[in-house]
Amino acid sequence: MRAADFSQVEAIFTDVDGTMTTSGKLNAATLAALERLAALGLPVVLVSGRSSGWGECWARQWPVAGVVVENGGLYFAWRRGRLVKVYAQPPSVRGPNRRALERQVDRAIAKVPGARRSMDSAATEVDLAIDYAEDARLTVESAIELEAQLVSRGVSAVRSSVHVNCWLGRFDKASTVRRFLHREWGKHLEQDDRRYVYVGDSLNDAPMFGAFGLSVGVANVMDVADVLDERPAYVTRARESAGFIELAKAVARARARKES
């Protein structure tokens, strides 16, 4: 990552699980990094496969400018001091898709012993998650089988570091981040754009690695590098939250040098 030029960065987009957390926990140093970025005028937008419920909590309680959740199914943003929620699909599409998705997920789960919906599924609105490595203890092979079962039924499915996320519709993390930039900030993500950096660690981050010229993987991304459709341009030395903090410090240093 030392080869990366962060001097033009205006905002940071980041995954959460395995990127801002370590062993599933948010530590004080990560929160302090977020606060320092905010103080420097560098907004942070979270981009996660987690549920709508998690997203609203993060948006209200963390020093962030927005939150994209459910692999792009919806996002939260602050407008004139008011939190708004924007969906990737209209209600006429979301309703039927949700009912069809629940049927397909239940059928896939029935094929893989030990598989179950994630504990936070009740807080989802668009996608669903199957737990394989959070409270459940399935093998990677079982997670791959779940993905295959769902994809064969026309469902979009991709692993995060803890869940197999599933949805119906033509959206992902990258498409909804583009919508967020356009609708909330009046900006567009250009090819090889140096204004925005993305940091992540897992398979469902591949669309973001491909979309961002400044894409960074925390070191544990190398655990899945061989099966990533798109790899990050840069990799931190440290794993998980220590890698995020490493990136945050590098961006802050670049901002300080630019303003000095």
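Throughout, read-outs are computed from the coordinates displayed, never taken from laboratory work. All values derive from a computational prediction rather than experimental measurement. Cβ atoms come from the backbone with ideal geometry, glycine included; neighbour counts cover every protein chain shown.
If Rh is defined by the Kirkwood formula over all Cα pairs and Rg also comes from Cα, what ratio Rg/Rh do you get for segment 89-224?
Looking at segment 89-224, the ratio lands at 1.00.
Under 10 Å, Cα contacts only: if you run a Gaussian network model on the chain, which one of 40, 101, 31 comes out with the highest mean-square fluctuation?
Answer for the Gaussian network model of the chain: 40.
Using the Cα gyration tensor of segment 91-167, with a ≥ b ≥ c the square roots of its eigenvalues, what is the shape: rounded (a/c below 1.5), prolate (a/b larger than b/c) or oblate (neither)? Before the final figure, lay out the partial values.
Details: a/c = 2.00, a/b = 1.48, b/c = 1.36.
Verdict is prolate for segment 91-167.
Fully extended, how many nm does the chain gain between residue 257 and residue 242 (0.36 nm per residue separation, minus their Cα-Cα distance)?
The span from residue 257 to residue 242 would gain 3.1 nm if fully extended.
May I ask you to list the GluC sites (Glu not before Pro) in segment 172-233 that are in a DSSP loop and have at most 16 other Cβ atoms within 10 Å of their Cβ? Please report the intermediate quantities before stating the final value.
Values: sites: 184, 190, 230; in loops: 190, 230.
Passing both the DSSP loop test and the Cβ count: 190, 230.
Rounded, prolate or oblate for segment 168-239? Axes are the square roots of the Cα gyration tensor eigenvalues, ordered a ≥ b ≥ c, and the cut-off for rounded is a/c under 1.5. Walk me through the intermediate numbers first.
Working: a/c = 2.46, a/b = 1.51, b/c = 1.63.
Here segment 168-239 falls in the oblate category.
In nanometres, what is the gap between the two model label sites at residue 107 and residue 120, each 7 Å from Cα along Cα-to-Cβ?
The two pseudo-label positions are separated by 2.8 nm.
Out of 157, 91, 142, whose Cα points farthest toward the positive end of the dipole of segment 91-167 (charges: +1 Lys, Arg; -1 Asp, Glu; placed on Cβ)?
Positive-end residue among those listed: 91.
With labels modelled as points extended 7 Å from the Cα through the Cβ direction, what inter-label distance (nm, one decimal) is found for residue 84 paired with residue 39?
Each label point lies 7 Å from its Cα, and together they span 3.1 nm.
Convert each backbone phi in segment 237-246 into a coupling constant with the Karplus relation 6.51 cos²θ - 1.76 cosθ + 1.60 (shift: θ = phi - 60°), then list the ³J(HN,Hα) values in order as whole Hz, x for Gly and Pro.
Running phi through 6.51 cos²θ - 1.76 cosθ + 1.60 with θ = phi - 60° gives 6, 8, 8, 6, 5, 5, x, 4, 5, 4 Hz.
Which whole-number percent gives the relative contact order of the chain, counting Cα pairs below 8 Å spaced six or more residues apart?
Taking the mean separation of contacting Cα pairs over the length of the chain, I get 23 percent.
I want to verify a result. In a Gaussian network model of the chain, Cα cutoff 10 Å, which of these has the top mean-square fluctuation: 88, 65, 100?
100
Counting Lys +1, Arg +1, Asp -1, Glu -1, what net charge surrounds residue 243 among other residues with beta carbon under 9 Å of its beta carbon?
With Lys, Arg at +1 and Asp, Glu at -1, the net is -1.
Taking Cα pairs under 8 Å and at least six residues apart, what relative contact order does segment 91-167 come out at, in percent?
Value for segment 91-167: 31 percent.
At 7 Å along the Cα-to-beta-carbon direction for both residue 188 and residue 93, put a label point, then send me their distance in nm to one decimal.
2.1 nm
Sort out for me the Cα centre separation of segment 1-74 from segment 206-228, rounded to whole Å.
Cα centres, segment 1-74 to segment 206-228: 16 Å.
Most mobile of 192, 127, 17 per a Gaussian network model of the chain (Cα springs, under 10 Å)?
192
Just rank 222, 20, 208, fewest to most, by other beta-carbon atoms within 10 angstrom.
Ordered from fewest to most neighbouring Cβ atoms within 10 Å, 222, 20, 208 come out as 222, 208, 20.
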